[in-house]
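Shown next, in structure tokens, is the structure this report addresses.
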Amino acid sequence: MMRSKKEQAEAKVAALELRAQPGKKEGAYKEIKCLIAAEAEKTRVLDRLMVEETKKSRRREEKLQEMQKEMAEWRARYEEAQSQLKRVEMEKGHLEEQVQSLETHLEASSAREAATNAKRKQSQLQRLTLRQQIWTLEVENKTLQAASSQMATKGQDSGELEGPEVTSTATQTEEGPKAQAEEFGEAVQEDLEDGQE
């Protein structure tokens, strides 16, 4: 737009110069010179405006390029942040899977341990029950043996042998269950200690 105005001004100056022909009045010549000077001033003003406009345009272009550069840098940083976020999310998911697997394994181990402890306690109780039954049978067996021995002794004729043998048999009958009870108590204590281990 500025260039077209300059061209229009130059065209006017050329037209005025063509009008200035020899033989015209001096006043007309001076008027033409003034017009030429005015148009020349306009041209200089237009030149200055064009220079300033060019500088402004260059500054705008530089600023636009700078903004585009900043936008490109920001976009690159944003993409890098998004990529890091995806990696973090993937690592988080992997860790959560590992935690879940460990929790499942621990739960299964705890369940197996509880079942093993229950079986061990059940086995200990069964063993104690069997030992008690054995002890009871042994006591009954000793009692029957003592009774049988007493009955055999009563059938003998000698009075001297009857007294001591009965006393000895009775002593054996009393000491037998006592020893068996002590043995059974020791066995129970061993089972309890094994259970605590």
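Where a number appears in this text, it was derived from the coordinates with a stated rule and is not lab data. Model, not experiment: these values are computed from the prediction. Positions of Cβ are backbone-derived with ideal geometry, glycine not excepted, and every protein chain shown enters the neighbour counts.
Derived scalar couplings between HN and Hα for segment 136-146 equal 4, 5, 5, 4, 4, 5, 4, 4, 5, 5, 5 Hz in order, rounded to whole Hz, by the Karplus curve 6.51 cos²θ - 1.76 cosθ + 1.60 (θ = phi - 60°), x for Gly and Pro. Taking Cβ atoms as reference points and 13 Å as the exclusive limit, the residues near residue 88 contribute a net charge of -1, counting Lys and Arg as +1 and Asp and Glu as -1.
A crude spin-label estimate for the pair residue 137 and residue 59, with each label 7 Å from Cα along the Cβ direction, gives 11.6 nm.
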